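Written below as structure tokens is the structure these notes are about.
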Amino acid sequence: MVEEKRETDIEEKKEVRSDEFSKLYLESIVDIKEGQIVKGKIIAINPKDVVVDIGYKSEGAIAISEFSDPEAIKIGDEVEVYLESKEDDNGMVVLSKQKAERAVGWEMVISRYNEGDILDGKVSKKVKGGFMVNIGVEAFLPASLASVRGFGNLNQLIGQTFPFKIVKINKARKNIVVSRKDAVQQQKDEDKKKIFDNLQKGSVVNGIVRNITDFGAFIDLGGGIIGLLHITDMSWGRVSHPSEVLAIGDTIDVMVLDFDKESSRVSLGLKQKTQNPWEVVDTKYAVGNKVKGTVVNLVPYGAFVELEKGVEGLLHISELSWTKKYNNPNELLAIGDRIEVQILEVDKNNKKISLGLKQLESNPWLDVESKYPVSIKVKGKVRNLTDYGAFVELEDGIDGLVHVSDISWTKRIAHPKDVFKKGEKIEAVVLAVDASNRRISLGIKQLTPDPWDDIAAKYMQDTVMAGKVTKVANFGLFVEIDKDLEGLVHISEISLAEGEKIEEKFKVGDEVKVKVLKVDSIQHKIALSVKEV
């Protein structure tokens, strides 16, 4: 059967072979050598193989699997084949189409490309340690050079075409090693260089928000370049966190503020795309103008009020009210409040605006001098008591101070609370008015005439009398010689035994005889002596 089939194939071969083709092949028979690539013509197509005539004394059979598209081949087609042997056990030449393609591909690749070059290839199959890639000839792709971050399962590479970088050519063994990772990195480096070459300060570029931190956002500009958009460059206004302005995945246009090719750092700005509002703030917010704003921050010394995006002014705590004293601005204001204020001062260079709230109302202290002239008697309610005096409310927001020294002509007052109670209504005399510093001095003792001229006449020098000790101090004794009238016995005017202490000899409430040494009606003091009695 084999002999019959061969004879049939030969007959068919003879029918399709043209005289010219036969002549050419007959002329080249003597030159055909094993290991060469020769041209042949398909003379038969069988289910498992294809018979090819190369003009030699016998034909060769090539497995149909060596043809990339078996359906497309037909009798009479010319093909290049590799002559492995001139004769096998059956007397036929041994041919290979794949080896011919591999040899042609090898010559083509090594003639066109060198190590380091990049070319496209298709991942054909998985092998031990990596993959085979068709780049015109089969090349080996190690698994370690195949992965790219974010691609996923490496098996997904099979059947796909990618750029590959030739990392090794071994001509002796006729094998090539390629890298997808290096090709991708090189492309990134080239893209990065191209972007940096075209980058200019002040230019606007497009990017995607990749990450957000407390201090800013990282923007992907492409080509592996990530720029930083700092929180201070996001808006001319106040930004507490970058997430208030951006979200991951946002596509935005940003301005290039600065860049460094060596470190691949790029500083970006968003607010710089618009005019700095402080450039025209002096013309827009003139001193004396009334404007509306929003309270955006509260601090112990005042409130920051946003007049527009990027422009804030400080409303100092002292500018909240003409009359009421606030310990903290949160007693009057809250973040988010919409308020009207007056421009007090504009410092364009230092980006500062001073604001006032009390200026929107009339200043009650402007006519306080005419309303409360010196020596006039007034009535008010004790609003607060301190060590040094009592604050008396004359009207809403207007207080006067009764100093502890102005409570009594003669009585020594340790603390105002010994005389007054909070909320108590009292009468006083206006002693002084300082409208600029918002101060009114009041006096209680001035409601009655100064008694010290009479006291000086009544208690003349060398007068001896009985008194009661009201206080014992290390410097002497305070002795009451009349109702609410005290004198001082200095320690030098007391006879003490050696080593004896004054507090051992006298106690509060003791009755003592004293002698008047001097009465000072100006300083309101009486000097007494126990020693000279």
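The values are calculated or read from the model by the stated rules, or taken from the named source; none is laboratory data. Everything quoted here is computed from the prediction, not taken from an experiment. Neighbour counts run over all protein chains shown; Cβ positions are idealised from the backbone, glycine included.
Some observations on this one:
- The combined condition, being out of contact with any Ser or Thr (no Cβ under 9 Å at 6 or more places or on another chain), of a type outside the set (S, T, Y) and in a helix (DSSP H, G or I), is not fulfilled by K422.
- Selection count where residues are more than 30 Å from L332 (Cα to Cα) and buried (at least 16 other Cβ atoms within 10 Å of the Cβ), scope the range 253-297: 12
- When we screen V472, V514, V489 for residues that are closer than 17 Å to A414 by Cβ and outside the structural domain of S405 (by TED's automatic domain parsing), the only hit is V472.
- The condition (being over 23 Å from D396 (Cβ atoms) and among the hydrophobic types (A, V, I, L, M, F, W, C)) is satisfied by just one residue among I339, I317, I335: I335.
- Scoring Y301 on the criteria (1) within 22 Å of the chain's Cα centre (by Cα); (2) surrounded by fewer than 15 Cβ atoms within 10 Å (Cβ to Cβ) leaves a single failure, condition (1).
- Conditions (1) more than 28 Å from R102 (Cβ to Cβ); (2) surrounded by fewer than 12 Cβ atoms within 10 Å (Cβ to Cβ); (3) of a type in the set (D, E, K, R): number failed by K188: (2)
- Some residue of the range 201-221 being in contact with a Phe, Trp or Tyr (Cβ under 7 Å, 6 or more places away or on another chain) and over 30 Å from K128 (Cβ atoms): yes
- The residue that is nearest to P449 (Cα to Cα), among those in the range 480-533 that are exposed (fewer than 11 other Cβ atoms within 10 Å of the Cβ) and aliphatic (A, V, I, L, M), is I522.
- Number of residues in the range 143-156 that are surrounded by fewer than 16 Cβ atoms within 10 Å (Cβ to Cβ) and at pLDDT 85 or above equals 2.
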